[in-house]
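The values are calculated or read from the model by the stated rules, or taken from the named source; none is laboratory data. On a predicted model such as this, the values are computed, not experimentally measured, just so you know. When we count neighbours, we look across all protein chains shown, and the Cβ atoms used for this are built from the backbone with ideal geometry, even at glycine.
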Amino acid sequence: MSEEAIYFTVTMTPIPGEEAAVEAALRQCVRRVHDELPAVFYALHQTLEQPRSFVMLERWPGQNAVDDYSSSAPLKELWGALEGRLSGEPVVVGLSSLPEGDPAKGTL
């Protein structure tokens with residue numbers, strides 16, 4: 001039996017003047033996660049309402065992958081690069097999928 005996919009949104013808001021450094025650190029993390037970890041979906045976005053806030057959309061194949069990511073070098077290096085650059089703690093929301101309708105459109 002396969003594990004159920006796990007989804008996360010992570011929202012981070014840089015302090016004024018740190019937007020470029022935060023974006024660069026996030027982009028580097030995305031490239032490393034794509035190369036080194038089994039993320040199904042790991043994508044950086046920027047909010048429309050507050051252009052200086054960033055949102056990571058993540059899909060992991062199961063808890064084992066999340067555990068590996070949580071202790072991974074890319075994530076540790078990201079947190080080090082973001083230290084002192086965010087206006088508060090990142091807001092992490094874990095999600096489970098409730099697919100409905102067309103399978104291609106009803107889940108990420």
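Any idea which of Ala39, Ala24 is under 12 Å from the mean Cα position of the chain (by Cα), surrounded by 11 or more Cβ atoms within 10 Å (Cβ to Cβ) and free of Cβ contacts under 8 Å to residues at least 60 places away in the same chain? Before you say what the answer is, go through the steps one by one.
Details: Ala24 fails: under 12 Å from the mean Cα position of the chain (by Cα).
Ala39 is the lone residue from the list that is under 12 Å from the mean Cα position of the chain (by Cα), surrounded by 11 or more Cβ atoms within 10 Å (Cβ to Cβ) and free of Cβ contacts under 8 Å to residues at least 60 places away in the same chain.
Just give me the residues in region 45-63 being exposed (fewer than 15 other Cβ atoms within 10 Å of the Cβ), part of a strand (DSSP E or B) and touching a helix residue (DSSP H, G or I) at 6+ places or on another chain (Cβ under 9 Å), in sequence order. Gln46, the sole residue that qualifies.
Out of curiosity, is Gly80 free of Cβ contacts under 8 Å to residues at least 40 places away in the same chain, surrounded by fewer than 14 Cβ atoms within 10 Å (Cβ to Cβ) and either out of contact with any helix residue (DSSP H, G or I) (no Cβ under 8 Å at 6 or more places or on another chain) or over 13 Å from Tyr7 (Cβ atoms) (or both)?
Here the answer is yes, as Gly80 does meet what is asked.
Val92 falls short on exactly one of the conditions (1) under 30 Å from Glu18 (Cα atoms); (2) outside any strand (DSSP E or B), and that condition is (2). If we keep just the residues of region 27-36 that are free of Cβ contacts under 8 Å to residues at least 24 places away in the same chain and among the basic types (Lys, Arg), which is farthest from Pro74 (Cα to Cα)? So the residue we want is Arg27.
For every residue, the table says whether it meets (1) of a type in the set (D, E, K, R); (2) modelled with pLDDT of 95 or more.
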{"position": "Val30", "(1), (2)": "no, yes"}
{"position": "His34", "(1), (2)": "no, yes"}
{"position": "Gln50", "(1), (2)": "no, no"}
{"position": "Phe54", "(1), (2)": "no, yes"}
{"position": "Arg59", "(1), (2)": "yes, yes"}
{"position": "Asn64", "(1), (2)": "no, yes"}
{"position": "Ala73", "(1), (2)": "no, yes"}
{"position": "Ala81", "(1), (2)": "no, yes"}
{"position": "Leu86", "(1), (2)": "no, yes"}
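Of the residues making up region 1-20, those that are more than 27 Å from Asp67 (Cα to Cα) and either aliphatic (A, V, I, L, M) or in contact with an Asp or Glu (Cβ under 7 Å, 6 or more places away or on another chain) (or both) are Ile15, Ala20.
Answer yes or no: is there a residue in region 3-10 that is over 14 Å from the mean Cα position of the chain (by Cα), surrounded by 13 or more Cβ atoms within 10 Å (Cβ to Cβ) and either under 27 Å from Pro99 (Cβ atoms) or small (Gly, Ala, Ser) (or both). The answer is yes, given that some residue of region 3-10 is over 14 Å from the mean Cα position of the chain (by Cα), surrounded by 13 or more Cβ atoms within 10 Å (Cβ to Cβ) and either under 27 Å from Pro99 (Cβ atoms) or small (Gly, Ala, Ser) (or both). For region 13-20, the condition holds for at least one residue, the condition being that it is crowded, with 17+ Cβ neighbours inside 10 Å and among the β-branched types (Val, Ile, Thr).
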